[in-house]
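Single-structure report; data block below.
The values are calculated or read from the model by the stated rules, or taken from the named source; none is laboratory data. Remember, predicted model here, so these are calculated numbers, not experimental data. Glycine gets a Cβ as well: all are built from the backbone with ideal geometry, and neighbour counts include every protein chain shown.
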């Protein structure tokens with residue numbers, strides 16, 4: 001069976017990027033809309049109370065201070081290769097069942113914890129966590145490569161939300177091109193992200209956007 005070693009580019013962004021603290025003329029953070037239900041660090045957006053991170057940052061949004069060194073696994077060096085003896089592959093491929101894993105809906109109303117603090121995970125901590133997840137993602141790619149006799153190129157985009165109190169991922173979206181939507185890559189990678197537990201932090205949920213590009 002042919003093995004194909006691919007190179008990968010990894011891209012990470014998250015919804016807590018620090019904005020400018022300069023308020024534009026006419027801009028307001030007054031929570032007078034939404035029937036006065038929006039509290040500190042929130043604003044009314046189309047009838048929903050959402051986190052106003054621009055206000056939180058300007059007033060001291062903090063990064064979670066990690067007591068333990070941020071050591072993670074080594075980066076994946078060989079993406080999408082088949083490391084399984086073909087004789088040991090099940091004759092019939094059965095994809096991961098991700099039917100119980102919710103999608104992330106950015107437009108869905110979110111219940112905010114008014115007692116939560118202002119912490120967030122740092123970009124460095126997120127990268128360490130994603131390095132751990134990458135090994136699970138690569139297992140999904142490797143199995144697909146075994147059945148497909150190699151993988152094509154393309155970019156896989158991940159979008160998910162992390163809850164501060166539990167570190168749990170409560171919704172995952174995976175978008176992949178047709179060449180990388182084979183042999184259960186999408187449900188398998190959704191499960192890999194959903195099953196991971198991030199460090200807890202005293203703050204509102206974080207939305208993470210992450211991409212892997214195979215050449």
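Considering (1) under 21 Å from residue 209 (Cα atoms); (2) modelled with pLDDT of 90 or more; (3) loosely packed, with under 14 Cβ neighbours inside 10 Å, say which one residue 83 fails and leave the rest.
Going through the list (1) under 21 Å from residue 209 (Cα atoms); (2) modelled with pLDDT of 90 or more; (3) loosely packed, with under 14 Cβ neighbours inside 10 Å, residue 83 breaks only (1).
Suppose we filter 126, 137 for residues that are touching a residue at least 40 places away in the same chain (Cβ under 8 Å), touching a helix residue (DSSP H, G or I) at 6+ places or on another chain (Cβ under 9 Å), within 23 Å of residue 70 (Cβ to Cβ) and assigned to a helix (DSSP H, G or I); which single one remains?
Being touching a residue at least 40 places away in the same chain (Cβ under 8 Å), touching a helix residue (DSSP H, G or I) at 6+ places or on another chain (Cβ under 9 Å), within 23 Å of residue 70 (Cβ to Cβ) and assigned to a helix (DSSP H, G or I) holds for just one of 126, 137, which is 137.
Can you name the residue in the stretch 181-200 that is out of contact with any strand residue (DSSP E or B) (no Cβ under 9 Å at 6 or more places or on another chain) and in contact (Cβ under 8 Å) with a residue 60 or more places away in the chain and is also surrounded by the fewest Cβ atoms within 10 Å (Cβ to Cβ) among such residues?
Once the filter is applied, the top-ranked residue is 199.
Residue 76 passes all but one of (1) part of a loop (DSSP other than H, G, I, E, B); (2) within 16 Å of residue 196 (Cα to Cα); (3) modelled with pLDDT of 90 or more; which number fails?
With (1) part of a loop (DSSP other than H, G, I, E, B); (2) within 16 Å of residue 196 (Cα to Cα); (3) modelled with pLDDT of 90 or more applied to residue 76, the lone miss is (2).
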